[in-house]
Amino acid sequence: MKEDKTLTKKIAKEILSPFLAKKQSLPPPPDPEEPNPTPLPPEELEILMDPDRFSEDYESGEPESLTEDQERGCGPDLSGFTRIEPGAIGLVREAIAEGLSLWGSPLLYDFLIEPLHLNMVEKLEIKWDGAGDDGYFSYRVFLRSGQSFDYETESPNFIINWGCPEKRQIGKALGVAYTLISLSRGCELDSGSLGFLTVEVPIGRITWQFRYRENECLIELLETFRKNNIEKARYELIPCPNGNSSPNDPQRDLRTKFCEDFEFRLKSASFFRNGKWSKRKRKIYKEKLSSLFWRWRFDDEFYTEWGDLDRLVTKLFGPKLEKVKSAVSAKPLTILFETNLGKVQFEYDGEKYVVDDMGQLDPDDESQSQVLDQKIINRLEETDPYYDFSLSELSNSEAENLSKFKATLGFWHLTELGDAAAEFFSNHEGGLDFSLTELSDAAIESLSKSKGQLSLGLTELSDAAADSLSKHEGGCLSLHGLTELSDAAAESLSKHKGDLNLSNLTELSDAAAESLSKHEGGNEYGGPLMQCSLAEKVDQYR
């Protein structure tokens, strides 16, 4: 790993200011809340409506090839920095919102890996598919508790304000994912856009794949057949001149003539299902098949100059196209959809053409993968995240899962904690924060064995429970819910090694005060151990 280099606020301003100034020079969109928005001048409106306005070279309108360090996204290269100064974080976040790519940069630790880690996320999967009119973004979040959550949407913007209380951790994690989307140039719901991005937090690996795919109309039909358990579908179409021919137009290539000058009448349809073929008299999917080539042409024309449709028309028809004078003289075009194999075969007058590129992505292909240096990932061991679980109940299996990873776990919404569930936390390597006002002595004994700070909202404490807590070795012990304390309990707690918080006590006997004067430790908040009047009483015995 290269030597540590910190991105300071001063350096960030020098590097990012030109990039942000260029982005901010674009005319802002009209404010929808303004009663009578001022119309934009034509030249500004043209820039605003340009779909490439967020690409780095929007002035030229030509997509620029990316450097090796910036395979995706745009903006200055920050790959040389391994750490970031807190004062520079806001500026980098602003640049990310404007399209800055951190791909290849160790700073992905600060903006992606660590935030996910702090929200208990072990793995994050994002997929997007712009197929047809039903494109979607899907998110799957795997927590270290063993839980996983899924969400699918037509827009990624929902993730910023996902307010479901039980899943606040997912909303936070997806908020990080939203900034990550800017890394993927073309990650959108335009027709043909397809990709996925996976983040494996513990090992710091980010894997990405993206492609524009052709043949979407064929993919949609195959999917339709698949949903209806149709293994194969065979159609016969008759090409018929529609009288719109413009033979003297030099701009019209063979594909254009094929798609514009001919209609396709459905002659027959057969489906193979449950081991046998059957003819469909009602010509199912007639409209989709009749308009297939027209839709295919317009789906693909923005993504390819020489795709399957061009090759198909050239091979199957070529000079034969001019000879098709009427439906009577035309021979049938046979189309065979093989759903399970994911391919479509076209046959006309003895010639065949097979389309088998259906836009597949290989989930095991890690050619576009980035793994952060182990030295950087080791920083995760230095973090002790706090997480408030919005759980009203905690099963034994959930307690077992949660107890296995290092973090301060907050349970402010629990209504009860069973002895068996509490026992799983006896070996927990992290803090525990329970707001419960009542716990059994057995549960308290188990929690006292945890290896991190312990905060309990108990309003009463038995002598036996106090004895257990006196043996707690995880640092700070907070019993902020107690208003009174017995002499025996005070004697036990005085033996506790670490900070002790009894800030809500309202009374204390002389014997208890004398015992607590022997306690060695401060207060978790840096203030008095107890209320001032009681703290003074304890000090008299020191």
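Assess whether S390 counts as being over 18 Å from E122 (Cα atoms) and either among the hydroxyl-bearing types (S, T, Y) or modelled with pLDDT under 85 (or both).
For S390, the condition - over 18 Å from E122 (Cα atoms) and either among the hydroxyl-bearing types (S, T, Y) or modelled with pLDDT under 85 (or both) - is met.
Only one of R226, R213 is of a type in the set (D, E, K, R), farther than 24 Å from M120 by Cβ and at pLDDT below 80. Can you tell me which?
Numbers: R226 fails: at pLDDT below 80.
Going through R226, R213 in turn, the sole match is R213.
Return the residues of segment 267-278 that are surrounded by 14 or more Cβ atoms within 10 Å (Cβ to Cβ) and either within 20 Å of T339 (Cα to Cα) or free of Cβ contacts under 8 Å to residues at least 12 places away in the same chain (or both); say none if nothing qualifies. Before you say what the answer is, go through the steps one by one.
Taking segment 267-278 first, the residues surrounded by 14 or more Cβ atoms within 10 Å (Cβ to Cβ) are 267-273.
Hits for segment 267-278 are S268, A269, S270, F271, F272, R273.
Can you pull out every residue in segment 318-347 that is buried (at least 16 other Cβ atoms within 10 Å of the Cβ), modelled with pLDDT of 80 or more and either among the β-branched types (V, I, T) or more than 46 Å from the chain's Cα centre (by Cα) (or both)? Even if it seems obvious, please write down each step before you answer.
Of all residues in segment 318-347, those buried (at least 16 other Cβ atoms within 10 Å of the Cβ) come to 321, 324, 330, 332-339, 342-347.
Checking the rest, the ones that are also modelled with pLDDT of 80 or more come to 332-339, 342-347.
Scanning segment 318-347 gives P332, T334, I335, T339, V344.
For the list (1) outside any loop (DSSP other than H, G, I, E, B); (2) at pLDDT below 85, I need the number of the one condition that K406 fails.
(1)
Only residues in segment 79-103 that are touching a residue at least 60 places away in the same chain (Cβ under 8 Å) and under 20 Å from L372 (Cα atoms) count as the first member; pair them with residues that are charged (D, E, K, R) and in a helix (DSSP H, G or I), Cβ under 7 angstrom, at least 6 apart or cross-chain, and list the lot.
Listed by first residue and then by second, the contacts come to I84/D110; E85/K9.
Sort through G498, G430 and tell me the only one that's over 16 Å from K518 (Cα atoms), in contact (Cβ under 8 Å) with a residue 24 or more places away in the chain and outside the structural domain of R144 (by TED's automatic domain parsing). Before you say what the answer is, go through the steps one by one.
Working: G498 fails: over 16 Å from K518 (Cα atoms).
Only one candidate passes the filter, namely G430.
I'd like to verify a number: residues in segment 111-126 that are over 19 Å from G195 (Cβ atoms), part of a strand (DSSP E or B) and not acidic (D, E), how many?
Number satisfying all stated conditions: 1.
So in segment 100-134, with the set limited to residues that are within 17 Å of the chain's Cα centre (by Cα) and under 22 Å from K22 (Cβ atoms), which one is surrounded by the most Cβ atoms within 10 Å (Cβ to Cβ)? Please lay out each step first, then the result.
Within segment 100-134, the subset within 17 Å of the chain's Cα centre (by Cα) is 101-103, 108-130.
Among the residues that remain, those that are also under 22 Å from K22 (Cβ atoms) are: 101-103, 111.
Numbers: S101: 25, L102: 28, W103: 23, F111: 19.
Filtering segment 100-134 for residues that are within 17 Å of the chain's Cα centre (by Cα) and under 22 Å from K22 (Cβ atoms), the one surrounded by the most Cβ atoms within 10 Å (Cβ to Cβ) comes out as L102.
Residues to consider are L436, L479; find the one that is assigned by TED's automatic domain parsing to the domain that holds A422 and under 15 Å from A422 (Cα atoms). Step through it out loud before you land on a result.
Working: L479 fails: under 15 Å from A422 (Cα atoms).
L436 is the lone residue from the list that is assigned by TED's automatic domain parsing to the domain that holds A422 and under 15 Å from A422 (Cα atoms).
Among residues belonging to segment 449-485 that are within 37 Å of the chain's Cα centre (by Cα) and hydroxyl-bearing (S, T, Y), point out the one that is nearest to N401 (Cα to Cα).
Selected residue: S450.
So which of A177, A233 ends up being at pLDDT below 85, crowded, with 21+ Cβ neighbours inside 10 Å, touching a helix residue (DSSP H, G or I) at 6+ places or on another chain (Cβ under 7 Å) and not assigned by TED's automatic domain parsing to the domain that holds H413?
On the way: A233 fails: at pLDDT below 85.
The conditions single out A177.
Regarding L414, is this residue under 39 Å from the mean Cα position of the chain (by Cα), modelled with pLDDT under 90 and not charged (D, E, K, R)? Spell out the reasoning first.
Working: under 39 Å from the mean Cα position of the chain (by Cα): yes; modelled with pLDDT under 90: yes; not charged (D, E, K, R): yes.
Spelling it out, L414 is indeed under 39 Å from the mean Cα position of the chain (by Cα), modelled with pLDDT under 90 and not charged (D, E, K, R).
Which of the numbered conditions does E445 fail, given that it passes all the others? Conditions: (1) part of a loop (DSSP other than H, G, I, E, B); (2) more than 16 Å from L516 (Cα to Cα); (3) charged (D, E, K, R); (4) more than 35 Å from the chain's Cα centre (by Cα).
So E445 meets the others, but not (1).
The values are calculated or read from the model by the stated rules, or taken from the named source; none is laboratory data. Model, not experiment: these values are computed from the prediction. For neighbour counting, all protein chains shown are included, and Cβ atoms are generated from backbone atoms with ideal geometry for every residue, glycine included.
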